[in-house]
Structure formats: structure tokens, C-alpha cells
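> A single structure is presented below for examination.
The values are calculated or read from the model by the stated rules, or taken from the named source; none is laboratory data. Everything numeric in this text was worked out from a predicted model, so none of it was measured. With ideal geometry, Cβ positions are generated from the backbone for all residues, glycine too; neighbour counts draw on all protein chains shown.
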Amino acid sequence: MLNQFPLNRFANEQTPFYYYDLELLEATLNNIKEYTNDYPFHVHYAVKANANDRILRTINAAGLGVDCVSGGEVAASINAGFESNKIVFAGVGKTDREINLALDANILCFNVESIPELEAINELAQQKGKIADIAFRVNPNVDAHTHKYITTGLSENKFGINLEQLADVLLYAKQLKNINVVGLHFHIGSQITILEPFKILCEKINELQEKVRSMGFNLKIINVGGGYGVDYDNPDENPIPDFKAYFDVFKNNLKLYDNQEVHFELGRAIVAQCGSLITRVTYVKKGTAKQFIITDAGMTDLIRPALYQAHHKIENITSTEKDTEVYDVVGPICESSDCFGENEVLPITKRGDLLALRTAGAYGEIMASRYNLRALPSIIYSK
Ligand code: LLP
């Protein structure tokens with residue numbers, strides 16, 4: 001039996017719920033600070049990974065900024081106490097309403113992904129008599145070797161501006177009176193567990209910077225995006241990603257000029273390991289060749305396995321059985337993709353046992369839905 005969960009507190013709670021270990025989150029944030037402190041490195045937490053208010057407040061208290069992709073995220077960040085000069089706003093489809101909200105809040109920077117968007121921001125800023133600081137999201141064409149749904153840096157996709165078009169776009173932006181180009185933004189994908197793609201990204205940025213500087217642009221911000229992955233298989237061995245190795249890649253390979261700042265947009269690496277989805281076993285059903293554990297959590301609570309064929313480590317946290325058996329762990333939703341794991345080796349499991357689906361702090365709670373008219377999962381914090 002594992003003891004990192006407060007089982008006495010769990011005993012009478014309505015399941016399923018997300019459990020957040022805020023001490024682990026704080027330790028993770030301290031670790032990030034340790035490796036970014038003496039560099040012009042600014043980490044903007046990618047709110048899309050988890051917009052839970054306690055999580056946002058903990059991240060704000062640690063001094064990080066936020067990377068938002070909707071008006072809702074900008075509003076939630078302001079509500080959680082983030083200062084406007086620590087908020088960046090990205091996304092391919094910002095609506096006028098969202099742009100206006102961000103302009104009114106005087107955010108740090110818009111990450112712009114297309115010419116029509118640039119024009120819309122210019123026009124709306126003009127109406128308010130403001131000048132919007134923007135960074136262009138550039139598609140660096142780096143293969144992140146990750147799942148096809150979460151790779152974003154290759155040239156043929158909806159994100160960003162293609163390298164070949166950047167020079168023209170920069171020159172065009174220069175003519176717009178209510179736009180001030182302050183940076184370049186890159187993001188190559190998510191759940192990247194090898195460092196090589198980040199090194200290649202640095203090299204691409206170095207080349208691009210030479211070109212952009214020769215055109216007379218002196219950009220203050222180089223935003224390298226997020227995407228650093230976590231260890232889904234061994235959450236206890238690697239509760240905090242190797243941030244030293246990650247930041248070293250940028251320290252050693254990215255060439256900076258004058259007073260340039262490097263911005264990071266880490267989401268998963270910050271919050272994934274601090275969250276677990278706790279679910280109760282509703283039934284154990286024996287088939288002919290297989291046996292199923294049917295949990296009270298389903299894909300509506302944690303959609304990553306169904307959507308990305310992701311696997312979250314599953315543990316029986318209440319069983320005292322020494323013998324193990326093999327189970328398929330499935331949810332109650334009427335979809336065959338509602339499966340958390342096939343052929344899971346677990347201690348003999350009974351109706352009423354609690355299971356933990358680990359490493360669920362990122363893209364878990366925030367992606368929950370009410371499909372089948374289910375209640376949203378509730379939340380318990382370690383403190
Ligand atoms: N910056 C940009 C521009 C992004 O598109 C993303 C994630 C991030 C930063 C943060 O990436 P992270 O550090 O968390 O990898 N729902 C999927 C992941 C989608 C990621 C989308 N973009 C999943 O559950 O795996």
C-alpha cells in the first residue's frame with residue numbers, strides 16, 4: 001500500500017475527484033526558479049494545462065507569469081492575481097471580444113499567428129488609442145517526435161507564420177501604427193521527452209535572428225514555447241522533470257543579443273505530476289478471457305487515454321492484497337474508447353477500492369466534460 005495519499009481524508013469523499021499535491025507543485029516551482037534565476041529567463045505557465053484557481057494562485061505566488069489562449073484564461077489569471085505585465089495571450093482564433101479584453105487589461109504581449117489577426121489587433125488597439133505589443137508565432141519546422149495531435153512545429157499546420165513569409169510579415173507590421181513588434185514566438189509540440197528537438201529549435205532561432213537583425217529588427221523577446229514532457233510511467237521516481245537539463249539546452253545553445261529575454265510557456269512539466277485522479281471501483285466484472293475493473297471515473301473526467309492513446313499509471317491505493325491479477329480498467333461511459341488501461345497488473349481488486357490515475361494534473365480536470373450528463377469531478381488539495 002502506498003502512503004503518499006491521505007487515505008483517511010479520502011475515505012468519505014465523493015469520487016471521482018482530482019487530488020492535488022500542492023507541496024509537490026511548490027517544490028517544482030522552486031526547482032524552476034533555481035535554474036532560471038540568474039538568466040534573463042521568464043516562465044509563463046501555460047494555463048491551458050490546468051486553470052484551477054488554487055493551482056494558479058500557487059504559481060502566481062512563485063512569481064511566474066501566464067500564457068493564455070482565451071479570454072476566459074486571461075480573466076481567470078487576472079482573477080488569480082497575476083499582474084497584467086505577466087500575461088501573454090496566444091491562439092490562432094482570438095475574437096474581437098477577447099482582443100478587447102486583453103487590450104483593456106494591458107497585457108504584456110499578444111502572440112500573433114496570422115496577418116488577419118494582426119490587422120484586427122491593430123484596428124481594435126487604434127479604437128482604444130493603444131499600441132499593442134506583439135510577438136509573431138513562427139513555425140520553425142522542427143519535428144518534435146511526439147503524438148500527431150500535439151505536434152505543432154511542422155510547417156503544414158494551422159499554427160503560426162511560415163518561415164518564408166516572416167520577412168514580409170515583419171515589414172508589413174512595421175507600417176501598422178498601433179502595433180509594436182517586440183518578439184518572436186515558437187512552440188514545437190507537447191510531451192517532448194528528448195532534448196534534441198529543443199536544441200534544433202535553438203539553432204533555427206539563431207539563424208532566424210541573424211536574418212531578422214539584418215533587416216533592422218531588434219526584438220526584445222524570444223519565446224521558445226513549452227512542450228517539455230513528464231515521466232508518465234514513473235511518477236514517483238521522477239516527480240519533478242529534469243529542469244536543469246532543459247534550461248541548460250537554452251543556456252548553451254540559444255544566442256541572445258543586447259537585453260533580450262527568453263520566455264518559456266511550460267504547462268505540463270509544471271502541473272502534471274502534482275495531480276492524480278482518484279476513482280472508486282464500482283464493479284469487478286469477470287468475462288471469459290478477461291476481467292474488467294469498472295471505475296466511477298471515465299473519459300469525461302480524464303480524456304487523455306481516449307483522445308491521445310495516453311497511459312496514466314494506475315495504482316490501487318487501498319488494497320492490502322499481496323497477490324496480483326490482470327485487469328482491463330474501464331470507465332462507465334458508453335464509448336469503447338472509455339478505457340484507462342488494458343492488461344493492468346494490480347493487486348486483487350474489489351468493489352469499493354480506490355484507484356489513483358497518476359500524473360493527471362495537466363490536461364485532466366480542465367478537459368473534463370459533462371458528456372452523459374455526468375457531474376464534473378470534485379477537487380481535494382493536500383493543504
Ligand atoms: N505554448 C503553446 C503555444 C502551446 O500550444 C502549448 C500547448 C503550450 C505552450 C504548453 O505546452 P506543454 O508545456 O503543456 O506541453 N491536451 C494535450 C496537450 C495539448 C497541448 C497544446 N499546446 C495533452 O493532454 O497531451
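> Could you list, in sequence order, the residues of the range 288-314 that are within 12 Å of the ligand (Cβ to nearest atom), among the aliphatic types (A, V, I, L, M) and either without any contact (Cβ under 8 Å) to a residue 24 or more places away in the chain or assigned to a helix (DSSP H, G or I) (or both)?
306, 307
> Going residue by residue through the range 7-22, is there one that turns out to be free of Cβ contacts under 8 Å to residues at least 60 places away in the same chain, surrounded by 12 or more Cβ atoms within 10 Å (Cβ to Cβ), of a type outside the set (Phe, Trp, Tyr) and not in a strand (DSSP E or B)?
Step one: of the range 7-22, the residues free of Cβ contacts under 8 Å to residues at least 60 places away in the same chain are 8, 11-12.
Next, from what is left, pick out any that are surrounded by 12 or more Cβ atoms within 10 Å (Cβ to Cβ): none.
No, the range 7-22 contains no residue that is free of Cβ contacts under 8 Å to residues at least 60 places away in the same chain, surrounded by 12 or more Cβ atoms within 10 Å (Cβ to Cβ), of a type outside the set (Phe, Trp, Tyr) and not in a strand (DSSP E or B).
> Another question about this same structure. Could you grab me the full set of residues in the range 157-187 that are part of a helix (DSSP H, G or I), in contact with a Lys or Arg (Cβ under 9 Å, 6 or more places away or on another chain) and either surrounded by fewer than 19 Cβ atoms within 10 Å (Cβ to Cβ) or small (Gly, Ala, Ser) (or both)? Even if it seems obvious, please write down each step before you answer.
First, pick out the residues of the range 157-187 that are part of a helix (DSSP H, G or I): 163-175.
Now narrow it down to the ones that are in contact with a Lys or Arg (Cβ under 9 Å, 6 or more places away or on another chain): 163, 166-167.
163, 167 - these are the residues of the range 157-187 that are part of a helix (DSSP H, G or I), in contact with a Lys or Arg (Cβ under 9 Å, 6 or more places away or on another chain) and either surrounded by fewer than 19 Cβ atoms within 10 Å (Cβ to Cβ) or small (Gly, Ala, Ser) (or both).
> While we're here: Could you count how many residues in the range 5-47 are more than 14 Å from the ligand (Cβ to nearest atom), of a type in the set (S, T, N, Q) and in contact with a helix residue (DSSP H, G or I) (Cβ under 9 Å, 6 or more places away or on another chain)?
To start, the set of residues in the range 5-47 that are more than 14 Å from the ligand (Cβ to nearest atom) comprises 5-27, 29-31, 33-41.
Next, only the ones that are of a type in the set (S, T, N, Q) stay: 8, 12, 14-15, 30-31, 36-37.
From what's left, in contact with a helix residue (DSSP H, G or I) (Cβ under 9 Å, 6 or more places away or on another chain): 31, 36.
The qualifying residues number 2.
> Condition first: more than 14 Å from the ligand (Cβ to nearest atom), at positive phi and at pLDDT 95 or above. Can you find one or more residues in the range 95-105 that meet it? Working first, answer last.
If we filter the range 95-105 for residues that are more than 14 Å from the ligand (Cβ to nearest atom), which is where we start, we get 95-105.
Right, trim to at positive phi and you get none.
Taking every residue of the range 95-105 in turn, none turns out to be more than 14 Å from the ligand (Cβ to nearest atom), at positive phi and at pLDDT 95 or above.
> Also: Considering only residues that are in a strand (DSSP E or B) and either within 16 Å of the ligand (Cβ to nearest atom) or of a type in the set (Phe, Trp, Tyr) (or both), look in the range 274-287 and name the one that is surrounded by the fewest Cβ atoms within 10 Å (Cβ to Cβ).
Step one: filter the range 274-287 for residues in a strand (DSSP E or B), giving 275-286.
Now restrict to residues that are either within 16 Å of the ligand (Cβ to nearest atom) or of a type in the set (Phe, Trp, Tyr) (or both): 275-277, 283.
Values: 275: 27, 276: 27, 277: 27, 283: 12.
Among residues in the range 274-287 that are in a strand (DSSP E or B) and either within 16 Å of the ligand (Cβ to nearest atom) or of a type in the set (Phe, Trp, Tyr) (or both), the one surrounded by the fewest Cβ atoms within 10 Å (Cβ to Cβ) is 283.
> Sticking with this structure for a sec: If I ask for residues that are more than 16 Å from the ligand (Cβ to nearest atom) and part of a helix (DSSP H, G or I), which ones from the range 205-215 would you list?
We begin by selecting, within the range 205-215, every residue more than 16 Å from the ligand (Cβ to nearest atom); these are 206-215.
Residues satisfying the conditions are 206, 207, 208, 209, 210, 211, 212, 213, 214.
> Go through the range 59-76 and count every residue that is out of contact with any strand residue (DSSP E or B) (no Cβ under 7 Å at 6 or more places or on another chain) and surrounded by 23 or more Cβ atoms within 10 Å (Cβ to Cβ). Before you say what the answer is, go through the steps one by one.
Step one: of the range 59-76, the residues out of contact with any strand residue (DSSP E or B) (no Cβ under 7 Å at 6 or more places or on another chain) are 60-63, 69-73, 75-76.
Next, only the ones that are surrounded by 23 or more Cβ atoms within 10 Å (Cβ to Cβ) stay: 73.
The qualifying residues number 1.
> Going through 336, 319, 369 one at a time, which residue ends up being under 30 Å from residue 188 (Cα atoms) and among the polar types (S, T, N, Q)?
369
> If you scan the range 241-289, which residues turn out to be among the aliphatic types (A, V, I, L, M) and more than 19 Å from residue 200 (Cα to Cα)?
Residues of the range 241-289 that are among the aliphatic types (A, V, I, L, M), as a first pass: 245, 249, 254, 256, 262, 266, 269-272, 277-278, 281, 284, 289.
Within the range 241-289, 269, 270, 271, 272, 277, 278, 281, 284, 289 meet the criteria.
> Could you identify the single residue in 306, 375, 356, 368 that is within 21 Å of residue 24 (Cα to Cα) and of a type outside the set (Ser, Thr, Tyr)? Full working, then the answer.
Numbers: 306 fails: within 21 Å of residue 24 (Cα to Cα); 375 fails: within 21 Å of residue 24 (Cα to Cα); 368 fails: within 21 Å of residue 24 (Cα to Cα).
From the options 306, 375, 356, 368, the qualifying one is 356.
> Among the listed residues 246, 228, which satisfies the condition of being surrounded by fewer than 24 Cβ atoms within 10 Å (Cβ to Cβ), within 16 Å of the ligand (Cβ to nearest atom) and at negative phi? Break it down stepwise before answering.
Values: 228 fails: surrounded by fewer than 24 Cβ atoms within 10 Å (Cβ to Cβ).
None of the other options fit; the residue is 246.
> Give just the number: which of (1) in a loop (DSSP other than H, G, I, E, B); (2) within 16 Å of the ligand (Cβ to nearest atom); (3) surrounded by fewer than 16 Cβ atoms within 10 Å (Cβ to Cβ) does residue 237 not satisfy?
So residue 237 meets the others, but not (2).
> Yes or no: the range 348-360 includes at least one residue that is β-branched (Val, Ile, Thr), under 27 Å from the mean Cα position of the chain (by Cα), away from the ligand (no atom under 16 Å from the Cβ) and in a loop (DSSP other than H, G, I, E, B).
Filtering the range 348-360 down to residues β-branched (Val, Ile, Thr) leaves 348-349, 359.
From what's left, under 27 Å from the mean Cα position of the chain (by Cα): 359.
Going one step further and asking which of them are away from the ligand (no atom under 16 Å from the Cβ), we end up with none.
The answer is no; no qualifying residue exists.
> Would you confirm, using the coordinates I've provided, whether residue 365 is within 16 Å of the ligand (Cβ to nearest atom), among the charged types (D, E, K, R), touching a residue at least 24 places away in the same chain (Cβ under 8 Å) and crowded, with 17+ Cβ neighbours inside 10 Å?
yes
> Just checking, how many residues over the range 321-347 are within 16 Å of the ligand (Cβ to nearest atom) and among the small types (Gly, Ala, Ser)?
Number of matching residues: 1.
> Of the residues that make up the range 331-353, is at least one free of Cβ contacts under 8 Å to residues at least 12 places away in the same chain and either surrounded by fewer than 21 Cβ atoms within 10 Å (Cβ to Cβ) or in contact with a Ser or Thr (Cβ under 8 Å, 6 or more places away or on another chain) (or both)?
Quick first cut of the range 331-353, residues free of Cβ contacts under 8 Å to residues at least 12 places away in the same chain only: 336.
From what is left, the residues that are either surrounded by fewer than 21 Cβ atoms within 10 Å (Cβ to Cβ) or in contact with a Ser or Thr (Cβ under 8 Å, 6 or more places away or on another chain) (or both) are 336.
Among the residues of the range 331-353, at least one is free of Cβ contacts under 8 Å to residues at least 12 places away in the same chain and either surrounded by fewer than 21 Cβ atoms within 10 Å (Cβ to Cβ) or in contact with a Ser or Thr (Cβ under 8 Å, 6 or more places away or on another chain) (or both), which makes the answer yes.
> Do you know which residues across the range 174-204 are within 15 Å of the ligand (Cβ to nearest atom) and of a type in the set (A, V, I, L, M)?
Our first condition is that a residue be within 15 Å of the ligand (Cβ to nearest atom); within the range 174-204, this holds for 183-195, 197-198, 201.
If the condition is that a residue be within 15 Å of the ligand (Cβ to nearest atom) and of a type in the set (A, V, I, L, M), then 184, 188, 192, 194, 195, 201 are the ones that fit.
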